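Student: Provided herewith is a single structure, encoded as structure tokens, for subsequent inquiry.
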Amino acid sequence: MTAMDSSTPTLAAINRPIRPADLTAAKARGERWPMLTCYDVLTARVFDAHRIPALLVGDSAAMVVHGHQSTVAITVGELLPLVAAVRRGVQRALIVADLPFGSYEDSPSQALATAKRFLKVGGAAAVKFEGGAGFAGHVHHLVSAGIPVMGHIGLLPQSVNALGGYPVQGRGTAAAAILADAHAIADAGAFALVIEAVPADLGRQVATALGIPVIGIGAGPGTDAQILVWQDLLGLTPAPTPRFVPRYADLAGTIGEAISRWANDVADGTYPGIEHCYS
């Protein structure tokens, strides 16, 4: 990390659409920044109004929108409308679309075809997909076609069936492979990299080694940015949640209390009152 450079505007001060180059410039001046998942127009408007510079329409929608047990189940057809909805709610945030499991692994050409749909139909500005050095060719192919790519290494949630769960990655001698993956994806042309569920020291090492922004999720405080699933952050998802998830609000409790009050008002005839009626 470098000392904060005040000669260039911070991401929050930019009043035009955020571009990948803006995130790179933020890293160069030592600015840390937040990123959130987003799946609908209303939360997109809120997050954008509060100057979140980048939003991920993640395959996590499989779990927090569609109710599946993992991210594996979601399809391109299910995720595309969510990307389009977020696009309609955003004026400045960079919208990144996840490529779902099964939509990119076969070949760089398959990845390109899927990415084109998310940009042309969904209105995303960039795409993200999981994989280390073995997917460097996919990254290069998309970048060569003019599509900004965000990589994702460390814990790969789409590999839950192969991993048998969501174990921490990169401990001990496995750290070298994670670092090699990071270099491979960056060298292939990715503009940023998500690193998930690795020891804090490794997260810091990857961020220091790369010239592109490294976005941590369960990777410690040494990365350039942090991303969380917004429902986890704001207390809408039930416990247990991963160790790295803070609870900045209890939306489940707040919503439940409000719904109960309204239901009681309906039951006792208090709602609708005269102020809610047309003459």
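The values are calculated or read from the model by the stated rules, or taken from the named source; none is laboratory data. The structure presented is a predicted model; accordingly, all values stated were derived computationally and were not measured. All Cβ positions, glycine included, derive from the backbone under ideal geometry; neighbour counts span all protein chains shown.
Student: Tally time: how many residues in region 203-254 are without any contact (Cβ under 8 Å) to a residue 12 or more places away in the chain and among the aliphatic types (A, V, I, L, M)?
Tutor: Number of matching residues: 1.
Student: Turning to a different aspect of this structure: So which of R204, R261 is more than 24 Å from S60 (Cβ to Cβ) and either at pLDDT below 95 or in the same structural domain as A133 (by TED's automatic domain parsing) (or both)?
Tutor: R204
Student: I need a count of the residues in region 53-75 that are touching a helix residue (DSSP H, G or I) at 6+ places or on another chain (Cβ under 9 Å) and crowded, with 19+ Cβ neighbours inside 10 Å.
Tutor: 12
Student: State which residue pairs qualify: first residue closer than 19 Å to G123 by Cβ and inside region 8-29, second residue assigned to a loop (DSSP other than H, G, I, E, B) and among the β-branched types (V, I, T) in any location, beta carbons under 7 Å apart, and separation of 6 or more residues or different chains.
Tutor: If the second residue must be assigned to a loop (DSSP other than H, G, I, E, B) and among the β-branched types (V, I, T), the pairs left are D22/I14.
Conditions (1) farther than 30 Å from A180 by Cα; (2) among the small types (G, A, S), marked per residue:
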residue	(1), (2)
G211	no, yes
P221	no, no
S260	yes, yes
P272	yes, no
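Student: Might you let me know whether region 229-250 holds any residue that is within 17 Å of the chain's Cα centre (by Cα), closer than 28 Å to G203 by Cβ and charged (D, E, K, R)?
Tutor: Within region 229-250 (the criterion being within 17 Å of the chain's Cα centre (by Cα), closer than 28 Å to G203 by Cβ and charged (D, E, K, R)), the answer is yes, since at least one residue qualifies.
Student: Please enumerate the residues belonging to region 144-175 that are hydrophobic (A, V, I, L, M, F, W, C) and within 22 Å of A225 (Cα to Cα).
Tutor: The answer is I147, V149, M150, I153, L155, L156, V168, A175.
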